[in-house]
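Every number here is computed from the coordinates shown, using simple stated rules; none is lab data. Every value quoted in this text rests on a predicted model; they were computed, and no experiment measured them. For neighbour counting, all protein chains shown are included, and Cβ atoms are generated from backbone atoms with ideal geometry for every residue, glycine included.
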Amino acid sequence: MKIHTLLLTATISPAIAQDFLTPLFVTASRLEQSESSTAYSTSRIDADFILETNRRTLPDALQYTPGVLVQKTANGHGSPIIRGFTGRQNLLMVDGVRINNSTWRGGPVQYWNTVDPFSVERIELVRSQGSVLYGSDAIGGTLNAFTKSSDFENEEDGVIFQHGSTYYQYRTSGEGSHIGRAESEFGVGGKWGAHLGFTGKDFGDIEDDAVGRMKNTGYPEQDVDFRFDMALTERIKLTLAYQYVNQDDIWRWHRTIYNPGWVHGRHVATGGSYLTEIYDQERSLAYIKLTGENPEQSAFIRRWHSTLSWQKSQDSTDNLRTLTDHRTSLIDLDTYGLDVGFESEIGPGTMVYGIDYYRDMADSDAYRNGVQRPTDRPVADGSTYQLLGAYSQYEWHPAEPLRISGGVRYTYAQAEWDAYRAPGAPADVSGEGNWDDFSASLRALWDLDDFWALYGGVSQAFRAPNLNDLTGSNVTLGGLNSYGSPDLDPEKYVTAELGTRYTNETLSASLAAFYTWSRDAIISERIGPDRFSTNGGSGHVYGFEAEGVWKISPCWMLSGMASWNEGKTDSPVTGERWLTKQLPFTSSLALRWTHPNERLWVEGRVLGAVTEARVDPADQANDPQRIPTHGTPGYLVASLRAGWQVNDHLDLTCGLENLTDEDYRNHGSGQNEPGLGAILGARLSW
């Protein structure tokens, strides 16, 4: 492995030294740019990093990313909290296709774990991007997962090729876990290529020193990913892709009788009472994409793309609260999408512009003890939701060291439903709502000299109320019923950011600070025995992120990060209160040694967080199974990993995690992290 790749994987996203390969970013500006040229705080994670650090899920891949708290309601669920925002206030995409849909609820959601990390070539995260380029939900962060392909363009022209690999990983925690992956690439160089991958996962129950074996935290998963790319002409490429994930029997362990509670000093989390709470998830994505470019100087449209997508997701829950209270629910959702974009050289700069459109169609039902329960439907039955956007962003260089970009987007959202029943209502009713918005962004990057760069700007974000906000019914916190409200207003946000990067031959570092103002954020308030969605008043969140990498010598490298944020929001019922889940001061430090022949490496890492006590008393009281008394205790955990490239076909990795067997959990999570455990991996390629 080349040293520049080690630099990329040793630390997730500091600016890369100029004499190394500079990673390219697409998500930040819809232009292919080097990371050092973007006026945003960005992170890039590649497939090697996921394998070498033994990342189990897509949210886990973000664990060492500054500004991100990886919350896990369950072992099979995971939701990154990015700059204080989570769930539907962060935007998840796969190959540029929007995965967020109108049934996503407030707070942490499980859907980020429906993207198989072993199918991903790289991940691009842009923090606080705003709504101009990608529309609603892009508030805390925008993550774009780019899937693996055959890379047929880089094969020998006209020659048949075939590559493949198999991967196996075993994790010792609790009952033990197994992950297997097989993938193959084949085609004709320069003409066409296909990639086919299968992943099977059998996660056993996890275990730690304080709680012991956490029964029913294990679950199975099956994943399929296929991608076909073909050069229709020298300048036009066709892509066909399909992905499928199936997860069964994911328990929300913290609410069940198998959770005995957790005591860590004066921090006490209570046990659960439900007999079962089980989630099943299936998600499919298929898309067809055309991309083209015209390198001629006189061409008005230099590049373009058009993507037509279809997604299907099925979520079901089975909740046995007591022997006489059995609740089930189901959402069946189809999403159709269209994304058309262009790039043109206009005057002294470059403009990207286009339209995107997504339409959700949802069927939903719920039962209690076998009897239909309309008020418990996850969203109103027979619902549709449309999201239309048109955007334009211009980037130019008014002076050699200065880059400025400005953009605007128009968004229109519409919701309709056939069968919604509010709590206590005698019958179903139909309804609708629509909202629109103009959002803007202004960003700049200034190269102070050959080493220093300063960047920053202001971005607006907008999120229209979705079907869950308007008509949803969920079980939240410690088991409270939470209902939507059909008369909500949109959320509005403005983020100001200032950052700097320094890069030379041996040192790369970055520092960023941000402040986000919110207005009319949709929050859940307790009214009597239940909770209801309502618009809050004003709010804010601010924080900082720092990271760096130091190439001490040709064999030694030191990398690390640190970040923190703090925020509050106004409630019409309780007044100003803390955001429900904030990032405590968190830092990580890794030291890596690589053998001169680059076939052997060893890395030690420590990860720590301070106690998170910034918790509203009502939130702790309503959610005592996930939030202990006096907040979530801090922790410091260490890991040791190594890899050996035995030959050109066999790679071995091993790791020891939580070396001191610390009992800890990420803030807001429903379970502790595993105790001391080993992870063994082997990859055979041909």
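Of all the Cα-Cα pairs you can form in the stretch 511-659, what percent are over 19 Å apart? Before the final figure, lay out the partial values.
Values: 7411 of 11026 pairs.
I get 67 percent for the Cα pairs in the stretch 511-659 exceeding 19 Å.
Among Arg501, Arg266, Arg519, rank each residue by its count of other Cβ atoms within 10 Å, from fewest to most, as a rough exposure measure.
Details: Arg501 25, Arg266 9, Arg519 16.
With the sparsest Cβ surroundings first, the list reads Arg266, Arg519, Arg501.
Local charge sum around Leu402 (other residues, Cβ-Cβ under 14 Å, Lys/Arg +1, Asp/Glu -1)? Every neighbour counted, the sum reads -2.
Can you tell me the mean projection area, over all orientations, of the convex hull of the stretch 290-377's alpha carbons? Units nm², please. Mind showing how you got there, number by number?
On the way: hull surface 34.1 nm².
Computed as one quarter of the Cα hull surface, the answer is 8.5 nm².
Could you tell me what % of all Cα pairs in the chain have separations over 38 Å?
Working: 75863 of 234955 pairs.
That tail contains 32 percent of the Cα-Cα pairs.
In summary, the convex hull built on the alpha carbon positions of the stretch 154-309 has an orientation-averaged projected area of 14.4 nm².
Can you check what the net charge comes to around Val268, using other residues whose Cβ is under 14 Å from the Cβ of Val268 (Lys, Arg +1; Asp, Glu -1)? Provide the component values of the computation, followed by the final result.
Working: positive: Arg266, Arg626, Arg665; negative: Asp623, Asp663.
Counting the neighbours of Val268, the net charge comes to +1.
Checking the a/c ratio against 1.5 first, then a/b against b/c, what shape does the Cα gyration tensor give for the stretch 228-359? Since a/c reaches 1.5 and a/b is larger than b/c, the shape of the stretch 228-359 is classed as prolate.
Only alpha carbons enter this Debye calculation for the stretch 450-583, each as an equal point scatterer, and the log10 of I(q)/I(0) it gives at q = 0.10, 0.18 Å⁻¹ is -0.50, -1.00. Only lysines eight or more places from Lys568 in sequence, or on another chain, were considered; those with a Cα closer than 18 Å are Lys492, Lys581.
Structural size metrics of the stretch 39-157, computed from C-alpha coordinates, are Rg and Dmax of 14.2, 50 Å.
Could you tell me the relative contact order of the chain? Use alpha-carbon pairs under 8 Å, at least six residues apart, and round to a whole percent.
It rounds to 12 percent for the chain.
Taking the fewest neighbouring Cβ atoms within 10 Å as the starting point, the ordered list for Met93, Met230 is Met230, Met93. Taking the fewest neighbouring Cβ atoms within 10 Å as the starting point, the ordered list for Phe146, Phe152 is Phe146, Phe152. Per the Kirkwood formula applied to alpha carbons, the stretch 374-530 shows a radius of gyration over Rh ratio, Rg over Rh, of 1.16. Here the chain is assigned +1 on the Cβ of each Lys and Arg and -1 on the Cβ of each Asp and Glu. Its dipole about the Cα centre then comes out at about 1080 debye. Set the Cα radius of gyration of the stretch 578-686 against 2.2 N^0.38 Å, with N its number of residues, and you get 1.42.
The Cβ shell under 9 Å around Asn100 holds other residues with a net charge of +1, Lys and Arg each +1, Asp and Glu each -1. Which lysines, on any chain, are close to Lys148 with Cα under 22 Å apart, when same-chain ones fewer than 8 places away are left out? Within the straight-line cut-off, Lys148 pairs with Lys2, Lys191, Lys201, Lys237, Lys289, Lys312.
Helix-only estimate, please: 222 nm mean residue ellipticity of the chain, summing -39500 (n - 2.57) across DSSP H runs of length 4 or more and dividing by its residues, to the nearest 500. Show your work: numbers first, answer last.
Working: 4 runs with 25 residues, N = 686.
After summing the helix terms and dividing by residue count, I get -1000 deg cm²/dmol.
In loop segments of the stretch 275-344 as defined by DSSP, the chymotrypsin sites (Phe, Trp or Tyr not before Pro) with at most 13 further C-beta atoms inside 10 Å of their C-beta are Phe300.
Mind jotting down the distance between the C-alpha centroids of the stretch 358-379 and the stretch 475-526, whole Å? The distance from the Cα centre of the stretch 475-526 to that of the stretch 358-379 comes to 29 Å.
As a ratio to 2.2 N^0.38 Å, the alpha-carbon radius of gyration computed for the stretch 388-458 takes the value 2.01. Projecting the Cα atoms of Ile355, Leu232, Gln671 onto the charge dipole of the chain (Cβ charges, centred on the Cα centre) puts Gln671 farthest toward the positive pole. In the distance distribution for the stretch 378-427, Cα-Cα pairs more than 14 Å apart total 70 percent.
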